[in-house]
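What follows is one structure encoded as structure tokens, with my remarks underneath.
The values are calculated or read from the model by the stated rules, or taken from the named source; none is laboratory data. Bear in mind that the values here come from a model prediction, so they are computed numbers and not experimental data. Every residue, glycine among them, receives a Cβ derived from its backbone with ideal geometry; neighbour counts consider all protein chains shown.
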Amino acid sequence: VSEATGIEERPVRTYRRPLRNDWWLRRRSYFLYMVRESTVIFMVAWLVWFLYQVAALKFGGYEPPTIDDYAFIAFSVVCLFFTLWHAITFLNLSGLILRVPIGDRFLPAAVIKTVAFGGLLFVTVVGAAIMIYIGYLNI
Amino acid sequence: MAAHVPWHSREDLKPAYGHSFWWFMFGNGGGIAAIFLPVVILVCGVLGPLGIKNFMEDSRHFAWTLGNPLVKLFLLVLCFLTFVHAAHRLRYMLFDLGLRGRGSVMVLEWACYGAAIVGTVIAAVLLFTTP
């Protein structure tokens, strides 16, 4: 019994609303959330393929993919799609997450998002140019 | 009335350093993967097989590119941060899908973060011993 209130004290019992495992199928926004979470599977899958190519180079069995490798091209297109999905959803949040102080105010979220997407565009154009240029070098 | 306890001495208010470390790596991994991974997949995975030359054109160009320590470092950082980012997301995704038991969460954490670390070690060994 509590000395202050005179009421009998019992262990607190909290109600936990049961959550079914298919909760993410109930709404479109929940489903899209789970799709966003699963994009990492494709990103990792493609990096594992890349490391496999590095291993093939190391052990002497490297053969670059050609236009006849339909399955690999389809795999890469799917991985690229989900990687871009990750990139767009992740960089869209950058304005909300990154707080850049300027005096007693913060840099507007729209500016941070513009810089983030500008960085993606810049890296894509410059990176692609460098990677393609190396292919044309006389080594 | 309970005696006053400074916040830094309270067990229930201590910072979760482990969680903050993985969340920090998750955030950085997400950003790095979002900016750098699309172009690598686009050039090597799609444009390359369609006939546009790139650094994976043949074993000579591939080996020459991987011979640069900065390229090795870039690829290792890309792999490491992407793997850790993926581990963190998968850990919470599987939790959302029903793996919520106390024991299963522990197993899930060890499996996800462990796989990310093992993957990074394999990547480091491959990248720094090739060509």
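Here are some notes:
- Within region A:40-90, the only residue that satisfies the criterion of being among the hydroxyl-bearing types (Ser, Thr, Tyr), under 19 Å from B:Gly27 (Cβ atoms) and within 8 Å of chain B (Cβ to nearest Cβ) is A:Thr83.
- Test result for A:Glu9, at negative phi, surrounded by 13 or more Cβ atoms within 10 Å (Cβ to Cβ) and charged (D, E, K, R): no
- Within region A:56-72, being more than 21 Å from B:Leu47 (Cβ to Cβ) and surrounded by 15 or more Cβ atoms within 10 Å (Cβ to Cβ) holds for one residue alone: A:Lys58.
- Top-ranked residue in region B:70-93 [being farther than 18 Å from A:Phe50 by Cβ and out of contact with any Cys (no Cβ under 7 Å at 6 or more places or on another chain); ranked as surrounded by the fewest Cβ atoms within 10 Å (Cβ to Cβ)]: B:Tyr92
- Helices (runs of 4 or more DSSP H) (entirely within region B:1-119) containing at least 2 residues that are in contact with a helix residue (DSSP H, G or I) (Cβ under 6 Å, 6 or more places away or on another chain) and more than 7 Å from chain A (Cβ to nearest Cβ): B:17-40, B:69-96
Here's the yes/no breakdown for (1) of a type outside the set (Ser, Thr, Tyr); (2) loosely packed, with under 12 Cβ neighbours inside 10 Å; (3) not in a helix (DSSP H, G or I):
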| site | (1), (2), (3) |
| --- | --- |
| A:Phe82 | yes, no, no |
| A:His86 | yes, no, no |
| A:Leu91 | yes, no, no |
| A:Arg99 | yes, yes, yes |
| A:Lys113 | yes, no, no |
| A:Phe117 | yes, no, no |
| A:Leu120 | yes, no, no |
| A:Thr124 | no, no, no |
| A:Ala128 | yes, no, no |
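- Cβ-Cβ under 9 Å pairs, at least 6 apart or on other chains, region A:15-36 side more than 9 Å from chain B (Cβ to nearest Cβ) and under 19 Å from A:Ile88 (Cβ atoms), far side surrounded by 11 or more Cβ atoms within 10 Å (Cβ to Cβ) and among the aliphatic types (A, V, I, L, M): A:Phe31/A:Leu25
- In region B:97-131, the residues that are modelled with pLDDT of 90 or more, out of contact with any Lys or Arg (no Cβ under 7 Å at 6 or more places or on another chain) and not hydrophobic (A, V, I, L, M, F, W, C): B:Tyr113, B:Gly114, B:Gly119, B:Thr120
- Residues (within 22 Å of A:Val35 (Cα to Cα) and surrounded by fewer than 17 Cβ atoms within 10 Å (Cβ to Cβ)) located in region B:110-125: B:Ala111, B:Ala115
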